[in-house]
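Below is one structure, written out as structure tokens; comments come after it.
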Amino acid sequence: MAATPNKQFKNICVLFGFSYGKHKEFIEAAIDLGRSIAERKLHLVYGGGNRGLSKLISEAAFIRGSQVLGIIPRVLKPLGSLSDSPTGEELVVSGMQERITEMLNHADAFIFLSGELTTLEALITLPSWAHLHIHQKLICLLNFNNFYDGFIAFHNHAIKNYFIHSIAKKLFICDHTSNELLDLLQAYRLEPDPWTFVLEHPNNDGNSSRSKKCKLDLTLRL
């Protein structure tokens with residue numbers, strides 16, 4: 001499963017936690033997202049394994065006709081799998097950074113469902129890499145049950161205090177239901193060169209100026 005060469009969204013990478021969460025509504029949201037992906041004739045890329053939400057969302061998409069690819073680090077495979085028969089295809093990689101890189105290679109967009117620290121790691125890494133022009137994949141938050149309110153508040157607070165540039169708001173779309181989020185994703189049109197940096201350059205008097213734009217080539221080379 002390779003990422004679509006044009007700007008259509010066909011292969012969707014969903015990131016989430018291994019556990020089921022505290023409330024049954026998280027389970028229902030995962031199944032609903034997997035079902036919605038299949039009903040739109042999209043395909044699923046995810047973090048591999050068949051525990052918790054991993055099992056539910058991959059099976060919900062797979063039994064309805066979606067291709068499913070699980071990308072899992074070798075160290076997590078014993079923890080993430082209840083059997084030797086994963087749903088769909090499985091790609092075992094050496095570590096967490098390689099998993100994110102392979103997800104970028106295979107997916108056209110990312111959706112974050114409720115998760116844990118490894119989910120949060122990806123939620124920090126992917127926007128950071130997008131902001132550095134390493135990729136231009138859309139990042140979507142399924143903010144079911146207001147799960148990502150804290151992250152959104154932090155992001156807005158950092159922008160307000162000039163630690164994150166306001167252009168970073170274009171990295172995300174967010175909604176509370178699967179269908180509405182997928183509607184936004186499929187209606188999205190990537191703007192030309194959206195991650196061009198605005199750098200501060202000193203004027204003759206020593207003061208900084210934001211008027212000059214400089215596009216940086218920070219492509220990740222592995």
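Quick note: the coordinates plus some simple rules give every number you see, no bench work behind them. What you see is a predicted model, and the numbers here were worked out from it, not measured in a lab. Neighbour counts are summed over all protein chains in view; Cβ atoms, including those assigned to glycine, are modelled from backbone coordinates with ideal geometry.
With contacts taken as Cα pairs under 8 Å at a separation of at least 6 residues, the stretch 18-97 carries a relative contact order of 29 percent. Which shape class, rounded, prolate or oblate, goes with the stretch 1-77 when its Cα gyration tensor gives a ≥ b ≥ c as root eigenvalues, a/c under 1.5 marks rounded, and past that a/b bigger than b/c marks prolate? It comes out oblate by the Cα gyration axes.
Using 0.36 nm per residue and subtracting the Cα-Cα separation, the extra length available between Met96 and Arg189 on full extension is 30.5 nm.
Annotation: amide H of Glu90 within the under-5 Å range of Gly70, sequence separation 5 or more or interchain, hydrogens built in the peptide plane.
Answer rounded, prolate or oblate for the stretch 95-163, using the Cα gyration tensor with square roots of eigenvalues a ≥ b ≥ c: rounded when a/c is under 1.5, else prolate when a/b is larger than b/c, else oblate. Cα axes put the stretch 95-163 in the oblate bin.
Rounded, prolate or oblate: which one fits the stretch 31-111, using the alpha carbon gyration tensor with axes a ≥ b ≥ c (rounded when a/c is under 1.5, else prolate when a/b beats b/c, else oblate)? Oblate, since a/c reaches 1.5 and b/c is not below a/b.
Could the peptides 132-140, 88-96 be put in order, highest first, of the mean number of other beta-carbon atoms found within 10 Å of their residues?
Answer by packing, highest mean first, reads 132-140, 88-96.
The modelled label-to-label distance between Arg74 and Lys169, using points 7 Å beyond Cα along the C-beta direction, is 4.5 nm. Packing, taken as the mean count of other beta carbons within 10 Å per residue, orders the peptides 115-128, 45-58 from highest to lowest as 45-58, 115-128.
Ordering 104-114, 148-158 by mean Cβ neighbour count within 10 Å, with the highest value first, yields 104-114, 148-158. Relative contact order, whole percent, for the stretch 11-191 stands at 21, derived from Cα pairs under 8 Å and 6 or more residues apart.
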